[in-house]
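Take a look at the structure set out below.
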Amino acid sequence: MSKSDELSRSPVADPAEQNAWFPSPYSLSQYIPPRTDFDGADYPAPHRGGKKILMVATDERYVLMKNGTMFSSGNHPVETMLPMMHLDAAGFEIEVTTLSGNPVKFEMWAMPSQDEAVKAFYARYLPKFKQPKKLADVLAGALDDYVGVLVPGGHGALNGLPFAPDLKQALNWAIDNDRYVITLCHGPAGLLALAVDEDPADYPYKGYSICVFPDALDEGANVDIGYIPGHLRWLLAESLEKLGIKVLNTGITGQVHRDRKLLTGDSPLASNALGRLAAEALLADHG
């Protein structure tokens, strides 16, 4: 028996909230490597024109499950930091926002403990994570300098983002103005905001293909190994498919995909590749 097999598969209590749970030690041993695959972000001719990326992160931590437990979640640090690291290195300023203007919530248990590049970038942006701008305030101003919207992953994205009028406005602006939308893993939950109070037949991403975290893992392995403390109340990929989106992946292999100006990835494994894809696409348009 390997050392990891000896670890508990029972979720660990989060003492900050009633009936809230962190992932099990075993699941973290399987899902959270000490280092990412980040291999540098070298862009010899970075953008120098002052263009920005509008990042919309979750400000909510606890995801209520079917069984009444809560998953202590937030934004996945790798799915947030690696795309940011590429975009930043490519010369694009990143405006950090949340729906409320309250701090960005992170799954700190998923921080790669031995990845100094990721930890250093997190420390650099920590003031913006602690005091982000309120999304509505940014949307009320001029948006001419923004060239893309980034919605990071993490189960926390399932909370307010799918139902948020402000995110709906931001995404409609991106679509109407031919801007990029970049998202991965559970971040595509934010794409559901476009359907709020709308006829599903008019969904703007109908017919698009994406990568997203597969429902089969949230329904199966993630529960079985104690990564999440129960089943989700609704399924992300299924909800997107009902709107006419085609989900390309069935597992998590690090797959990324570009469909017009929509750039997506399947999981934390796709974070580095998606960051590079986004940076290169933006530099091609705004080099």
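Reducing the range 232-287 and the range 1-79 to their Cα centroids gives an inter-centroid distance of 17 Å. If the elastic network links every pair of Cα atoms under 10 Å, which of ALA45, ALA216, ALA57 fluctuates the most in the Gaussian network model of the chain? Among ALA45, ALA216, ALA57, the largest GNM mean-square fluctuation belongs to ALA45. Surface composition of the range 182-231: carbon plus sulfur atoms hold 49% of the accessible area, using a 1.4 angstrom probe and ignoring ligands, DNA and RNA.
In the context of the full set of protein chains, residues of the range 148-287 present 36 Å² of accessible surface per residue (probe radius 1.4 Å, heavy atoms only). Along its first, second and third principal axes, ordered by size, the chain spans 54, 45, 34 Å in Cα coordinates. Rounded to the nearest 500, the helix-only mean residue ellipticity at 222 nm of the chain stands at -8500 deg cm²/dmol, with each DSSP H run of n ≥ 4 adding -39,500 (n - 2.57).
Residues whose amide H comes within less than 5 Å of that of ALA20, counting only those at least five positions distant or on another chain, are ASP14, MET70 (H built at 1.01 Å from N in the peptide plane).
Under the shape rule built on the C-alpha gyration tensor, where the axes satisfy a ≥ b ≥ c, the range 79-165 is oblate, since a/c reaches at least 1.5 while a/b does not exceed b/c.
For the chain, the longest principal axis of the C-alpha atoms and the axis of helix 165-176 are separated by about 50°.
Using alpha carbons only, how many degrees (0 to 90, rounded to 10) separate the axis of helix 77-89 from the longest principal axis of the chain? Once rounded, the angle reads 30 degrees. Using C-alpha pairs under 8 Å with a sequence gap of at least 6, the mean separation divided by the residue count of the chain gives a relative contact order of 22 percent.
So which of LYS128/LYS242; LYS51/LYS242; LYS128/LYS206; LYS66/LYS242; LYS168/LYS242; LYS119/LYS206 end up more than 28 Å apart by C-alpha? LYS128/LYS242; LYS51/LYS242; LYS128/LYS206; LYS119/LYS206, as the Cα separations exceed 28 Å there. Helix 116-130 and the longest principal axis of the Cα set of the chain meet at an angle near 70°. Computed on the range 107-233, with alpha-carbon pairs under 8 angstrom and 6+ residues apart, the relative contact order is 21 percent.
Find the accessible area per residue for the range 31-75; the probe is 1.4 Å, ligands and nucleic acids are left out, and the unit is Å². Provide the component values of the computation, followed by the final result.
Numbers: 2120 Å² over 45 residues.
Averaged over the residues of the range 31-75, the accessible area is 47 Å².
On the beta carbon distance between GLU6 and ASP144, with R0 = 45 Å, the FRET formula returns roughly 0.20. Within the shell of other residues whose beta carbon sits under 15 angstrom from the beta carbon of ARG233, the net charge comes to -4, with Lys and Arg scored +1 and Asp and Glu -1. With a Förster radius of 30 Å applied to the C-beta separation of LYS246 and ASP37, the computed FRET efficiency comes to 0.65. Measuring nothing but protein heavy atoms, the accessible surface of the range 59-161 at 1.4 Å probe radius is 51 percent carbon and sulfur.
For the chain, modelled as a GNM whose springs connect Cα atoms under 10 angstrom apart, the maximal fluctuation among MET84, MET108, MET55 occurs at MET108.
Between LEU126 and GLN18, 0.36 nm times their residue separation minus their Cα-Cα distance comes to what?
Working it through step by step, the gained length comes to 36.1 nm.
Its relative contact order, with pairs defined as Cα atoms under 8 Å and 6+ residues apart, puts the range 150-215 at 42 percent.
Going by average Cβ neighbours within 10 Å, how do the peptides 62-75, 121-134 rank, with the highest at the top?
Taking the mean over residues of other Cβ atoms within 10 Å, the ranking is 62-75, 121-134.
The values are calculated or read from the model by the stated rules, or taken from the named source; none is laboratory data. What you see is a predicted model, and the numbers here were worked out from it, not measured in a lab. FYI the Cβ positions are ideal-geometry reconstructions off the backbone, even for glycines, and counts take in every protein chain you see. Areas reflect the complete protein model, heavy atoms only, side chains present, ligands, DNA and RNA absent. Shrake-Rupley method; radii C 1.70, N 1.55, O 1.52, S 1.80 Å.
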